[in-house]
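Notes for the one structure printed next.
The values are calculated or read from the model by the stated rules, or taken from the named source; none is laboratory data. Treat the numbers as computed from the prediction; the structure is a model and nothing was measured. Cβ placement follows ideal geometry from the backbone for every residue including glycine, while neighbour counts extend to all protein chains displayed. These accessible areas exclude ligands, DNA and RNA; they are computed on the full protein's heavy atoms, side chains included. Shrake-Rupley method; radii C 1.70, N 1.55, O 1.52, S 1.80 Å.
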Amino acid sequence: MNVTMVPFGNARFSKSGKLECQHGADECTANSWEQCAISLYPDFEDHWPFYLCLEKSSLACGEGAGACTIKAAPRCARSSGLSEKKLKACVDDPEMSMALQHKFAQLTPAKHQYTPWVLVDGKLSPSDGDKILHEVCAAYHGEKPAACSHLTTAPAAPCPAIW
């Protein structure tokens, strides 16, 4: 199974080339932390724990979560087994972080209307990812992953989207 995370959200580049994030500069920096994790640790199994930790931290922070989320990044790196030093060097490198912002902007579907914009097997998730396991198992070709065997025919209650 291939999972691709695209931490760019509703950000955009203005006509003058300036990066503008929907929730301000702190959101851009938080995106950089996630982009650097994905770039430096390209295997999903490696970067996902960090990504999940950062997104959960953002939810816990509530409105205006940017600065609070950024403060959680070093803790999330340590708890995920990623090098805080390597991640911070990437985030703090203006050329590298901007190149990654451009890369993830290109990966963001032009017609996305909201976040999270979840695709399963190339199709928009009807649950916006709330029932992702059911959708993946239904779309999976071949021998299904072990997690699919634990599903009942009725979907579980949706969990909050955390990415």
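Residues in the stretch 136-156 that are at pLDDT below 85 and either aliphatic (A, V, I, L, M) or surrounded by 16 or more Cβ atoms within 10 Å (Cβ to Cβ) (or both): L151, A154, A156.
Let's see how each residue does on (1) of a type in the set (S, T, N, Q); (2) over 18 Å from C21 (Cα atoms); (3) open to solvent by less than 90 Å² (accessible area, probe 1.4 Å); (4) part of a helix (DSSP H, G or I):
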{"residue": "A67", "(1), (2), (3), (4)": "no, no, yes, yes"}
{"residue": "A73", "(1), (2), (3), (4)": "no, yes, yes, yes"}
{"residue": "A77", "(1), (2), (3), (4)": "no, yes, yes, yes"}
{"residue": "L82", "(1), (2), (3), (4)": "no, yes, yes, no"}
{"residue": "L87", "(1), (2), (3), (4)": "no, yes, yes, yes"}
{"residue": "C90", "(1), (2), (3), (4)": "no, yes, yes, yes"}
{"residue": "A99", "(1), (2), (3), (4)": "no, no, yes, yes"}
{"residue": "K103", "(1), (2), (3), (4)": "no, no, no, yes"}
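For S16, the conditions (1) of a type in the set (S, T, N, Q); (2) open to solvent by 60 Å² or more (accessible area, probe 1.4 Å); (3) assigned to a helix (DSSP H, G or I) are fulfilled apart from (3).
Does the stretch 124-135 contain at least one residue that is open to solvent by 70 Å² or more (accessible area, probe 1.4 Å), in a helix (DSSP H, G or I), of a type outside the set (S, T, Y) and without any contact (Cβ under 8 Å) to a residue 12 or more places away in the chain? Outline the logic, then answer.
We begin by selecting, within the stretch 124-135, every residue open to solvent by 70 Å² or more (accessible area, probe 1.4 Å); these are 124, 126, 131, 133.
Narrowing the set further to residues that are in a helix (DSSP H, G or I) leaves 133.
Next cut, of a type outside the set (S, T, Y) only: 133.
Then keep just the ones that are without any contact (Cβ under 8 Å) to a residue 12 or more places away in the chain; that gives none.
Looking through the stretch 124-135, none of the residues is open to solvent by 70 Å² or more (accessible area, probe 1.4 Å), in a helix (DSSP H, G or I), of a type outside the set (S, T, Y) and without any contact (Cβ under 8 Å) to a residue 12 or more places away in the chain.
On inspection, S39 passes the criterion of being in contact with a helix residue (DSSP H, G or I) (Cβ under 9 Å, 6 or more places away or on another chain) and surrounded by fewer than 21 Cβ atoms within 10 Å (Cβ to Cβ).
Please determine whether any residue of the stretch 105-122 is of a type in the set (K, R), at pLDDT 85 or above and surrounded by 13 or more Cβ atoms within 10 Å (Cβ to Cβ).
First pass over the stretch 105-122, keeping only residues of a type in the set (K, R): 111.
Narrowing the set further to residues that are at pLDDT 85 or above leaves 111.
From what is left, the residues that are surrounded by 13 or more Cβ atoms within 10 Å (Cβ to Cβ) are none.
Checked the stretch 105-122: no residue is of a type in the set (K, R), at pLDDT 85 or above and surrounded by 13 or more Cβ atoms within 10 Å (Cβ to Cβ).
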